[in-house]
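Colleague: Next up is a structure, given as structure tokens.
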């Protein structure tokens with residue numbers, strides 16, 4: 001129980017720091033019409049705080065794949081669509097810290113009610129999705145698709161919810177609409193082991209190792225070709241499942 005309170009304290013402190021060092025300055029920059037500077041400040045700040053949060057949580061991350069290439073392409077304005085399996089409440093923090101790009105997320109609606117965090121998430125061009133409403137879900141995906149077209153990579157967890165068993169669940173086709181409708185290349189992301197850093201932690205001083213594999217970008221089929229899209233979703237799901245099984249075994 002104590003480690004949960006420790007985690008909540010870490011998050012609260014980091015959010016308060018964010019209010020002073022990122023949120024307020026970025027809002028001022030936006031009011032002055034300096035949106036690019038505001039975005040740069042927010043994304044840099046979120047990446048640094050995410051790394052600090054992972055460190056304080058006792059999480060040591062091992063990254064594989066050509067993440068440097070992805071970062072360079074993102075800096076040039078290429079709007080990737082990141083597809084990742086979902087294992088922990090720390091997944092978004094992990095990706096913010098290690099991708100270090102102008103990446104937004106399709107985040108669950110409940111995060112929109114957490115003070116400061118909701119503002120910070122919104123300022124990263126992330127989109128809140130209400131999965132209980134089909135209309136609102138479609139609107140959120142459309143907004144995320146437009147973000148990609150505007151040069152902001154977006155990440156989504158196609159399982160729709162966190163896996164509590166450690167197994168990668170079934171991918172929902174709707175999560176791939178951002179890629180098939182925007183034409184952005186899909187980058188499969190495989191996350192393993194981070195659940196033990198928070199949800200399954202036994203005491204505060206444990207050090208846990210987790211793994212993030214950044215796959216090679218793949219061009220998706222057009223949204224009008226439903227059969228090709230179905231194959232693409234299945235291939236991406238199988239690829240992440242295969243990578244998940246191999247991570248941490250070396």
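Colleague: Please compute the volume of the convex hull spanned by the alpha-carbon atoms of the stretch 128-250 and report it per residue in Å³.
Modeller: Output value, Cα hull per residue: 133 Å³.
Colleague: May I pose another question? Tell me the Rg and the Dmax, in Å, that the Cα atoms of the stretch 116-164 produce.
Modeller: Computed over the Cα atoms of the stretch 116-164, radius of gyration and Dmax are 11.6, 35 Å.
Colleague: How much of the DSSP beta bridge set in the chain is antiparallel, as a percent to the nearest 5?
Modeller: Around 20 percent of the beta bridges assigned by DSSP in the chain are antiparallel ones.
Colleague: With a 10 Å radius around each residue's Cβ, average the other Cβ atoms per peptide and rank 218-230, 168-180, highest first.
Modeller: 168-180, 218-230
Colleague: I want to verify the translational diffusion coefficient of the stretch 11-125 in µm²/s; compute it with Stokes-Einstein, Rh as the Kirkwood radius over Cα pairs, at 37 °C and 0.692 mPa s.
Modeller: D, rounded to a whole number, is 220 µm²/s.
Colleague: Test of understanding: in a Gaussian network model of the chain with alpha carbons linked when under 10 Å, which of 194, 48, 141 would top the mean-square fluctuation ranking?
Modeller: 48
Colleague: Right, here's the next one. Pop a pseudo-label 7 angstrom from the Cα along the beta-carbon direction at both residue 76 and residue 114 and give the gap in nm to one decimal.
Modeller: Calculated label separation equals 3.5 nm.
Colleague: Hey, another quick one. Could you identify which residue out of 13, 187, 214 has the top mean-square fluctuation in a GNM of the chain using Cα springs shorter than 10 Å?
Modeller: 13
Colleague: Gaussian network model of the chain, Cα springs within a sub-10 Å range: biggest mean-square fluctuation belongs to which of 189, 41, 32?
Modeller: 32
Colleague: At residue 37 and residue 24, where each label point lies 7 Å from the Cα along Cα→Cβ, what is the point-to-point distance in nanometres?
Modeller: Going from the residue 37 label point to the residue 24 one covers 1.8 nm.
Colleague: If I take every Cα pair under 8 Å that is 6 or more residues apart in the chain, average their sequence separation and divide by the length, what percent do I get for the relative contact order?
Modeller: Rounded, it is 25 percent for the chain.
Colleague: Treat the count of other C-beta atoms within 10 Å as a stand-in for reagent exposure and order 241, 76 from fewest to most.
Modeller: Lowest count first: 76, 241.
Colleague: Still on this structure, please answer the following. How many percent of all Cα-Cα pairs in the chain sit more than 28 Å apart?
Modeller: Considering the chain, 30 percent of its Cα-Cα pairs are separated by more than 28 Å.
Colleague: Could you let me know the centre-to-centre spacing of the stretch 49-76 and the stretch 78-109, using Cα atoms, in angstrom?
Modeller: Result: 10 Å between the Cα centres.
Colleague: Given 0.36 nm per residue, what is the gain on full extension from residue 224 to residue 242 after removing their alpha carbon distance, in nm?
Modeller: Here the segment from residue 224 to residue 242 would lengthen by 3.7 nm.
Readers should treat all values here as calculations from the given coordinates under stated rules, not as data from a laboratory. In this text the structure is predicted, and so the values were computed from the model without any measurement. Note that we place each Cβ from the backbone using ideal geometry, even for glycine, and neighbour counts take in every protein chain shown.
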